[in-house]
1. Report, ordered by the first and then the second residue, all pairs with beta carbons closer than 6 Å, sequence separation of six or more or different chains, a first member in the stretch 1-21 that is under 21 Å from residue 43 (Cβ atoms), and a second member that is in a helix (DSSP H, G or I).
2. Just give me the residues in the stretch 22-35 being of a type in the set (Val, Ile, Thr) and surrounded by 10 or more Cβ atoms within 10 Å (Cβ to Cβ), in sequence order.
3. If you check 11, 38, which single one turns out to be surrounded by 11 or more Cβ atoms within 10 Å (Cβ to Cβ) and not in a loop (DSSP other than H, G, I, E, B)?
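Each reported figure results from applying straightforward, stated rules to the coordinates on display, with no laboratory input. Computed from a predicted model, the values in this text were never measured in an experiment. With ideal geometry, Cβ positions are generated from the backbone for all residues, glycine too; neighbour counts draw on all protein chains shown.
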Amino acid sequence: MRIVKKIFLILFVILIVIFSVQNSQTITIAFFNWSVKLPVSLIIILIYILGMTTGGIISSVIRTLAEPKKVKQKDDSQLQE
């Protein structure tokens with residue numbers, strides 16, 4: 001199983017390197033008075049990571065809100081006192 005994981009990891013890295021080489025032209029990203037020139041491949045990878053992060057945060061917030069609230073029930077011994 002470890003060998004299969006390593007093979008998939010190596011193939012994934014090779015695909016990322018090929019993607020980066022084929023998309024090496026730079027573009028300018030402008031936001032208000034701020035601008036930056038980055039390769040297309042880097043922008044795509046950064047947007048993908050940003051999407052994964054925000055998706056994870058949103059799903060954890062939704063999961064937390066969807067959980068039923070746990071109400072503490074008092075023991076019978078505490079009620080009798």
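1. 19/41; 20/41
2. 26, 27, 29 - these are the residues of the stretch 22-35 that are of a type in the set (Val, Ile, Thr) and surrounded by 10 or more Cβ atoms within 10 Å (Cβ to Cβ).
3. Being surrounded by 11 or more Cβ atoms within 10 Å (Cβ to Cβ) and not in a loop (DSSP other than H, G, I, E, B) holds for just one of 11, 38, which is 38.
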